1. So what is the calculated 222 nm ellipticity per residue for the chain, using -39500 (n - 2.57) for each DSSP H run with n of 4 or more, over all residues, to the nearest 500 deg cm²/dmol?
2. Taking the chain as the reference, fit the longest principal axis to its C-alpha atoms, fit the long axis of helix 2-33 to the helix C-alpha atoms, and give the angle between the two in degrees, 0 to 90, nearest 10.
3. For the chain, what is the largest minus smallest coordinate of the Cα atoms on each principal axis, given in angstrom and ordered from greatest to least?
4. Net charge around residue 87, counting only other residues with Cβ within less than 14 Å of its Cβ (Lys, Arg = +1; Asp, Glu = -1)?
5. With the Cα gyration tensor of the stretch 62-183 in hand, give its eigenvalues times 5 under a square root as the equivalent ellipsoid semi-axes, listed largest first in whole angstrom.
6. Hey, with R₀ at 22 Å, roughly what FRET efficiency would residue 75 and residue 324 work out to, going by the Cβ-Cβ distance, to 0.05?
7. For the stretch 114-229, what is the largest minus smallest coordinate of the Cα atoms on each principal axis, given in angstrom and ordered from greatest to least?
8. Past 23 Å, Cα to Cα: identify those pairs from 204/235; 269/324; 98/324; 204/264; 204/324, in the order given.
Amino acid sequence: MSHPRATAPRSLAVLFAALVAVLAFLPFSSASADSRPDTIPLPNGFSPEDITAGPHHTFFTGSLATGAIYQGSFTDGRGSVLVPSATGPTTGLYLERKHGHDRLWTAGGPSGQARVYDATTGALLRTYQLSDPTSGTFVSDVIVTDHAAYYTDAFVQQLFVIPFGKHSHQALPPTSAARTVPLTGDVSYVGANSFNLNGLAAFKDTLVSAQTVTGELFRIDPMTGVTRQIPVMDKAGNPATVNGADGIAQRSSTLYMAENFPQKLITVKVAGDLRSARLIDTATSPALDIPSSVEEDRGDLYGLNARFTTPPGPDTTYDVVRVKN
């Protein structure tokens, strides 16, 4: 009878020691997961405009000043220049990761260009001249689907389309494949040199874009160019707008958008039929300085500080700011 009594305390002691070891590990694990930097510096004078997520918790951002592309890490804040310069500014970016290749599709703003790079080496693969640089267009943002690469024009009421066709799994389309689709329907462009349709999201064969100057959301049939407004409601069911809507990051039916001059990062849920949307969250931080785009990584939002009210120069600092969601 004495033997079992002697064994029980020893067993409990072993169990307690194991529990203490597990509990001691948990705070370390949590702290480790939260060790990502809150501010990620970019090269001085970089003048960024858009950000897109890359593999292994990395990101790419392009330069308005030189057209360069920088690749950085959300995990440790380190990075390096992938593309040193381009023939025009780099505005929108989208990473296409399909069929064994990683390609960066970029928009060239007033240059009228779309450029495609190898996302690993930075090599320029192809340049598409979507519009004449003297025509007053602004190739703003890009998204790539199985069918085509689509580009918004922020100044002229049109969409640029580079269809893939039967070669979508292999070679890039020829430069002659690019075409222009006039936009009709509900959207109405406002003012000369005002930023209209900007960021892009894709829902199968339908695109969604936000009009920066009005804060309105639209769905687009890229085949016909017909647009229809998507009413946005707040949590209380009241009509809402996305003021200063700029870059968009998409996760399924959830859209993360940067509101540039309001200096906010918002989360919008789009209905399955694309006929309505709900504003479900608004995030901000004193560290935001005119964010022009946003990305999401491991539940947190990252605002790209374009600092449009700060005069650009070779010593001007820029960064990406983590805003815990």
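1. -3500 deg cm²/dmol
2. Between helix and principal axis, roughly 20 degrees.
3. Principal-axis extents of the Cα atoms in the chain, largest first: 95, 46, 46 Å.
4. On the way: positive: 115, 126; negative: none.
Net charge in that neighbourhood comes out at +2.
5. 23, 19, 12
6. Calculated transfer efficiency: 0.90.
7. 38, 32, 25
8. Among 204/235; 269/324; 98/324; 204/264; 204/324, the Cα-Cα distance tops 23 Å for 204/235; 98/324; 204/264; 204/324.
The values are calculated or read from the model by the stated rules, or taken from the named source; none is laboratory data. Owing to the predicted nature of the structure, the values given are computational and were not obtained by experimental measurement. A quick note on method: Cβ atoms are made from the backbone with ideal geometry, for glycine too, and the neighbour counts reach across all protein chains shown. With ligands, DNA and RNA removed, areas are computed over all heavy atoms of the protein, side chains included. Shrake-Rupley method; radii C 1.70, N 1.55, O 1.52, S 1.80 Å.
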